[in-house]
Every structure is written in C-alpha cells, then in structure tokens.
Amino acid sequence: MVFDNKFGMFIHWGFYAQTGIQEQVYARFDWKREDYEPLKDTFNPVDYDPEQWVKMAKAAGMQYICFTTKHHDGFCMWDTKYTDYNIMNTPYHKDVLKMLADACAKYDMKLGLYYSNPDWHHPLAYNPGSTHQWKSVDKEHYNVAEYRTFMKNQMVELLTGYGKIYTLFWDIPPFVQDDSSLNDLARKLQPGIFINDRGFDKGDFSTPEREYKAQEMTRFTRMTEACNSLGQQSWGYREQEDFYSLRHIKTAIDKYMAMGASYLLNVGPDGRGVVTEAYADRLKAVGDWYNKVKIGLEGTDGDDYDYCDEHNAFIATKKDGKTYLHYYDGLMSSAVALKNFPSVPKSVKLLNTGALLSAKAERLPEFFDIDTGRSEITYLHISGIPVDELNEPIVLEIEW
Ligand code: GLC
C-alpha cells in the first residue's frame with residue numbers, strides 16, 4: 001500500500017456545523033463555554049448518510065477519506081468511554097464514526113482519522129508550548145502526561161474499533177516533537193498506517209496547508225499530503241462561504257500531485273449531516289476534471305528530461321513509458337513548443353478532452369534567430385489545443 005499521489009476527501013464535521021459559521025467559532029468569535037458546549041444537546045444530524053458521502057468521494061476519483069474524530073473543541077465523534085463529551089450523548093445517539101467506517105469498508109474506500117491535540121474540553125489538556133490553546137479549560141492546573149494517557153486510551157479505541165485505518169492526521173504539534181510513544185502505539189495497533197507530522201514526532205509525511213503559491217516547484221523528497229478546503233473561511237460547514245474558484249483548487253491539486261504529493265480536499269457537511277449543494281457541486285466539478293487527468297498524476301514519477309518550454313510553466317511526470325506535461329496555469333496559446341525532445345511522439349493526447357493533437361517536429365516563424373533572421377530551431381510543436389474552452393490545468397499525455 002503506497003501513499004503518494006492519491007486524492008482524498010477531508011471531512012470536518014462536529015456539532016459546530018449547526019452554527020453555519022466555522023469549526024472554531026468557539027474561539028474565533030469568543031463564544032462563552034455555556035453557549036458553545038450545549039450545542040451538543042441539539043445535534044441531531046438525521047440526514048447523515050455516510051454511504052452518500054463515500055459515493056461522492058468515489059465519484060470524484062478520491063481513494064480515501066480523512067475524518068475529524070475530535071477537533072479542537074474536544075467533542076468526540078465516536079463512542080468513547082474516556083469522556084462523556086461525545087456523540088452518544090446527543091439526541092442522535094449513534095456512533096457516526098462507526099457508520100462512516102462501515103460505509104468505507106462497503107465501498108472499498110480507505111479511511112484516515114484526524115485527531116486534534118488541543119482540546120478545549122478536557123480539564124488537563126492545556127499545553128503552554130503549543131498553539132490553539134485559546135479555549136483551554138484551565139491554564140494553571142494542567143497535566144501534559146495525564147492528558148497524553150487519555151489520548152493513548154482514545155487511540156486504542158480509534159485504532160482497534162474501526163477496521164483498517166489508512167492515515168493518522170494529528171493536528172497542531174506541541175512545541176517540541178520529542179515523544180514517539182503515541183506514534184509507536186499507533187503503528188503497533190495499525191501496522192502500515194501513515195502518520196502525519198503534526199503529532200509528537202515528525203511522523204511519515206508533511207502537511208502543507210491551504211497556500212500553494214509559496215511552495216517551491218521541486219518534487220517532494222518526503223511523503224507529503226497537501227490539504228485545502230473548498231472554502232476559504234472554514235473547514236467546517238459555513239453557510240456564507242467564500243468558495244475558492246474551481247480553477248484555483250484544480251491548479252493546486254495538479255501542482256501538488258504532479259510534484260509527488262497526495263491531496264486532501266475538504267468538505268464541511270452541515271448540522272443535519274448533508275454535504276449541501278454548494279459543496280457537492282464544486283466537488284463534482286473538481287472530480288470531473290480530476291477523473292480525466294488522473295492517469296497523469298496517480299502512481300507517477302517525476303520526469304527529469306529538460307523539455308524546455310520557454311513560454312509556459314509546467315511540471316512533467318511519467319508512468320509506463322509515457323510523459324505527462326502538466327500546464328497547471330493553463331496555456332498562453334493553443335500550442336506548446338518544446339525546444340528539447342527525445343523523439344517525435346507516437347501520439348499526444350489532451351487528457352482534458354481526450355482529443356489527439358497534432359505533434360510535429362518543425363520550425364516556427366516567430367521563434368527565430370535575431371542575427372540570421374532564420375527560424376533555426378526545430379521544436380516539437382503540439383497544436384490545436386482549445387485553450388479558450390479550458391479554464392483549468394491542461395494535461396498532455398505523450399507516448400514516445
Ligand atoms: C488548521 C485549522 C483546523 C483544521 C486544520 C486542517 O490547523 O486550525 O481547524 O482542522 O487546519 O488541516
């Protein structure tokens with residue numbers, strides 16, 4: 001089981017979804033504990049249908065789901081015996097994680113678990129060396145060791161009661177990552193699990209979040225899982241969300257995955273358990289594009305050949321003797337001209353539409369030598385790309 005180059009669905013869901021504001025509304029808008037915590041008493045997501053979620057993820061080409069078992073608010077979305085602050089003590093009274101795990105097993109969807117280290121409900125959880133401690137219960141009397149024992153107990157529940165677990169997504173690392181005992185336990189309980197770098201040691205994979213522009217354009221040397229939400233202001237359900245453009249999301253996916261990362265795209269189901277149209281339609285649109293180009297992303301390696309396109313930014317991947325050129329920012333014109341190429345390709349396919357493109361080795365009149373006035377260089381000229389119809393990353397499949 002490998003981890004790289006997979007597309008996954010992040011799901012942020014808790015009783016905060018009822019507010020339609022954000023998963024951290026408690027801290028961000030400084031709610032009082034007595035206003036926030038009783039929201040569990042009205043949490044009754046009667047429309048929760050995890051098979052529906054899994055089918056949505058599948059249809060979008062996703063191979064795994066990562067679910068928030070416990071977010072910073074400390075509320076547990078499974079039947080835990082270590083705190084009463086859990087889903088069994090809501091009007092819904094069902095283990096929603098178990099239901100999701102069953103749906104995943106039924107449809108052969110891998111399941112990963114998100115778990116927040118900050119906990120705004122557990123009385124001993126304050127960790128002065130970490131961030132996101134704003135709503136900690138007691139900033140004087142805390143006990144890091146005892147809280148870690150609580151976490152380990154919960155890990156045993158999560159990693160033994162819900163089938164095969166693919167990834168463990170810790171959130172918010174402590175100041176020093178010098179305790180491997182939690183990850184050791186996780187590996188003992190779930191051999192082969194992939195663990196992220198936000199826990200108590202460096203784990204297996206890195207987790208760049210939200211922003212892709214600042215990333216260097218070189219292939220990742222460490223296992224990486226990038227993540228972003230469909231909306232800019234929240235991971236949890238937000239009624240008036242500022243959704244990213246589909247173009248932005250697709251570009252990020254293409255870029256990160258072409259550089260060797262997996263990509264987790266987040267949806268926030270609402271307080272009734274529904275992935276509302278605003279999220280579902282966007283997910284579908286991303287998935288429609290992804291399913292067309294994924295052959296050039298999943299299971300690929302970087303292609304180091306220097307193709308030298310002087311006009312458009314791209315990343316090259318390869319698989320089974322084919323090269324995939326990812327023009328993640330689209331193209332300047334309806335053609336690409338590669339200055340270097342190993343041979344004239346057998347075929348070039350535009351994955352976005354499935355169309356075969358004209359690919360010829362030829363000289364091009366406007367790419368000429370200023371001293372001689374002659375077009376000296378023979379380019380690999382791939383033309384006829386309907387750029388104006390494609391407001392998305394363009395992927396070319398080259399068969400040599
Ligand atoms: C940040 C946010 C948190 C979210 C996480 C997802 O850490 O604080 O709300 O769960 O990103 O990666």
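The values are calculated or read from the model by the stated rules, or taken from the named source; none is laboratory data. All of these numbers come straight from a predicted model, not from anything done at the bench. Note that each Cβ is placed from the backbone with ideal geometry, even for glycine, and that neighbours are counted across all protein chains shown. These accessible areas exclude ligands, DNA and RNA; they are computed on the full protein's heavy atoms, side chains included. Shrake-Rupley method; radii C 1.70, N 1.55, O 1.52, S 1.80 Å.
Extension gain, Ala105 to His141, is 8.8 nm, computed as 0.36 nm per intervening residue step minus the present C-alpha separation. Calculated mean residue ellipticity at 222 nm for the chain: -6500 deg cm²/dmol, from DSSP H runs with n ≥ 4 weighted as -39500 (n - 2.57), summed, divided by the residue count and rounded to 500. Placing a label point 7 Å from the Cα of Lys339 along the Cα-to-Cβ direction, the residues of the range 298-323 whose backbone N falls under 18 Å of that point are 304-316. The angle between the Cα long axis of helix 50-59 and the longest principal axis of the Cα atoms of the chain comes to about 10 degrees, rounded to the nearest 10. Think of the range 7-296 as a dipole: +1 on every Lys or Arg Cβ, -1 on every Asp or Glu Cβ, centred on the Cα centre; then among Thr19, Ile65, Tyr114, Ile65 lies furthest on the positive end.
Note on Lys106: aspartates and glutamates with a C-alpha under 12 Å away, same-chain residues under 8 apart excluded, are Glu51.
A run of the chain free of exposed loop cleavage sites, with GluC sites (Glu not before Pro) counted only in DSSP states other than H, G, I, E and B and at most 14 other beta carbons within 10 Å, reaches its longest extent at 1-139. For a paramagnetic label modelled on Lys81 (point 7 Å from Cα along Cα→Cβ), amide N atoms under 12 Å away belong, within the range 151-185, to 154, 157.
Among Lys55/Lys135; Lys58/Lys250; Lys58/Lys164; Lys188/Lys322; Lys58/Lys135; Lys188/Lys255, which pairs are too far apart, with a Cα-Cα distance over 28 Å? The pairs that break the limit, which is 28 Å between Cα atoms, are Lys55/Lys135; Lys188/Lys322; Lys58/Lys135; Lys188/Lys255.
Once the Cα atoms are used to define both axes, helix 144-160 deviates from the longest principal axis of the chain by about 70 degrees. Hey, for a label at Ala285 modelled as a point 7 Å past Cα toward Cβ, could you say which residues of the range 52-87 have their backbone N under 12 Å away? Those under the cut-off are none; the list is empty. Between Arg28 and Asp388, what FRET efficiency follows from the Cβ-Cβ distance if R0 is 30 Å, with the result rounded to 0.05? Working from the Cβ atoms, E equals 0.15.
Near the amide H of Gly74, within less than 5 Å, lie the amide hydrogens of Trp120, all on another chain or at least 5 residues away, with H placed in the peptide plane. Remark: the chain carries a charge dipole of roughly 800 debye about the Cα centre, counting +1 on each Lys and Arg Cβ and -1 on each Asp and Glu Cβ. Once C-alpha pairs closer than 8 Å and six or more residues apart are averaged by separation and normalised to the residue number of the range 301-399, the relative contact order reads 34 percent.
Under a GNM of the chain (C-alpha, springs under 10 Å), which listed residue has the highest mean-square fluctuation: Thr372, Thr90, Thr323? Residue with maximal mean-square fluctuation among Thr372, Thr90, Thr323: Thr372. Along the charge dipole of the range 7-296, pointing to its positive end and built from +1/-1 on Cβ of Lys, Arg, Asp and Glu, which listed residue (Val54, Tyr126, Tyr237) has its Cα farthest out? Projecting each Cα onto the dipole axis, the largest value belongs to Val54. Rounded to the nearest 10 degrees, the inclination of helix 96-106 to the longest alpha-carbon principal axis of the chain is 40 degrees.
For the range 301-399, a crude dipole built from +1 on the beta carbon of Lys and Arg and -1 on the beta carbon of Asp and Glu, taken about the Cα centre, is about 380 debye to the nearest 20.
Look at the dipole of the range 301-399 built from charges on Cβ: of Leu390, Leu356, Ser375, the Cα furthest out on the positive end belongs to Leu356. Split the accessible area of the chain by element, probe 1.4 Å, and carbon with sulfur accounts for 49%. The calculated FRET efficiency for Arg219 paired with Thr42, based on their beta-carbon distance and R0 = 45 Å, is about 0.40.
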